[in-house]
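The values are calculated or read from the model by the stated rules, or taken from the named source; none is laboratory data. The shown structure was predicted, so the numbers you read here are calculated from the model rather than taken from an experiment. With ideal geometry, Cβ positions are generated from the backbone for all residues, glycine too; neighbour counts draw on all protein chains shown. These area figures cover heavy atoms from the full protein model, side chains too; ligands, DNA and RNA do not enter into them. Shrake-Rupley method; radii C 1.70, N 1.55, O 1.52, S 1.80 Å.
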Amino acid sequence: MITIQNGKLTIPDDDRFIGFAGDDLAVTKQFILLDFAEDHCKFTLCLRYDDDTVKSVPLSAAADHGNTELTWCVAREQLYVSGIVQAQIKIVDSGGNVRHSSKDFFLIGSAVELDDGGSEMECVTPSQLENSINQALQAVTATAPFIDSSGYWCIFDTEQDLYVRTQYHVSGIAPDSVMSDSSDNAVSNRVIKQYVDAKAVDCNTFSAEFADMKASDKVPNTRRIAQLALSSDISAENLMTALRPYLYRTSITPNSGGVTGQLGIGTAGEVFFCTATDRWNHLASYSDLYEKMDLAAEIDTQDVDLMEDGSLFFIDGVLYVKYDDDPVALAQVNDVYTKTEIDTMLGDVESLLSAI
């Protein structure tokens, strides 16, 4: 029985002879792919003859208890010349992936009635047949794949003229003891966990360092301004409301302690300002304000030239304004009261206000 297991094609000696040159459908060979049950695959038998002619033969396939059985009905065109023919199976799966088996060989006997087509002998002696078989075996085994002591398939590299170990193991793809970014091999769960944990540590370390670098000159959103959190927009109205208690103080008394530069309002509505000595001082006293209200002076006629344009003044009870260097009367004497007349009617206004 011809078998293919883990890519190794094995042809027993009893199955090597496939007929005589010129035979047609006289021999049928079957190949058993052990532990292979993939669907929708195409199987091709590739043949190379002594004259380096290559032929491809499609094989029919059938499932057989977890294996796949391939059938080759040997046709005349595949027996066109006697001699030794190397054989190899090519498998193309449904995804277009291609794999090959190792090489082995078949034997084709000569026929008397055929032209040799190139020094082919009509009769082959047992010693000649044995020599041919040995030569074929040497040619095949010289570059045939083999399994090393670790269970990996090794193939012959014609460019380097030596065998190289592949990633393929007799049990499939061999598990790695370590894992890398470029490895396609299977690994144990323990190794995967160690690999992921190491990557996580590297990632977290890099992320932390990167975040710290980017945030080093940034203000955290937990920071507050005037007790307003920076986690959302702050309107001018909200900011003013929050700052207002710090812009001025109320119920200020003279010379009490305060904050330099702050405004204050006294108990009677007075305006205070806190000086560099951290003491509250009036911006203007009542007496100063009272004097500021006495704007119209009483003068004599000869003093008009001393007044500036725009000045208000009384002359003999009449209110004047100086305009273009001339006094202009604004009201008759009977229309307004002087301060003296008000004092006569009501008393001393300043003393009255103080009493209030």
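A few comments on the model shown:
- In segment 142-169, the residue that is modelled with the highest pLDDT out of those that are open to solvent by less than 90 Å² (accessible area, probe 1.4 Å) and β-branched (Val, Ile, Thr) is 164.
- Residues satisfying the stated conditions in segment 82-92, i.e. open to solvent by 30 Å² or more (accessible area, probe 1.4 Å) and out of contact with any helix residue (DSSP H, G or I) (no Cβ under 7 Å at 6 or more places or on another chain): 88, 90, 92
- Scanning segment 62-81 for residues that are open to solvent by 60 Å² or more (accessible area, probe 1.4 Å) and closer than 26 Å to residue 34 by Cα gives 63, 65, 73.
- Taken together, 266, 310 contain a single residue that is modelled with pLDDT of 75 or more and exposed (fewer than 10 other Cβ atoms within 10 Å of the Cβ), which is 310.
- When 251, 232 are checked against the criterion of being loosely packed, with under 11 Cβ neighbours inside 10 Å, at pLDDT below 85, among the small types (Gly, Ala, Ser) and closer than 30 Å to residue 221 by Cα, 232 stands alone in meeting it.
- Just one of the numbered conditions (1) modelled with pLDDT under 90; (2) open to solvent by 50 Å² or more (accessible area, probe 1.4 Å) is not true of residue 58: (1).
- Scanning segment 1-14 for residues that are touching a residue at least 60 places away in the same chain (Cβ under 8 Å) and not in a strand (DSSP E or B) yields a total of 3.
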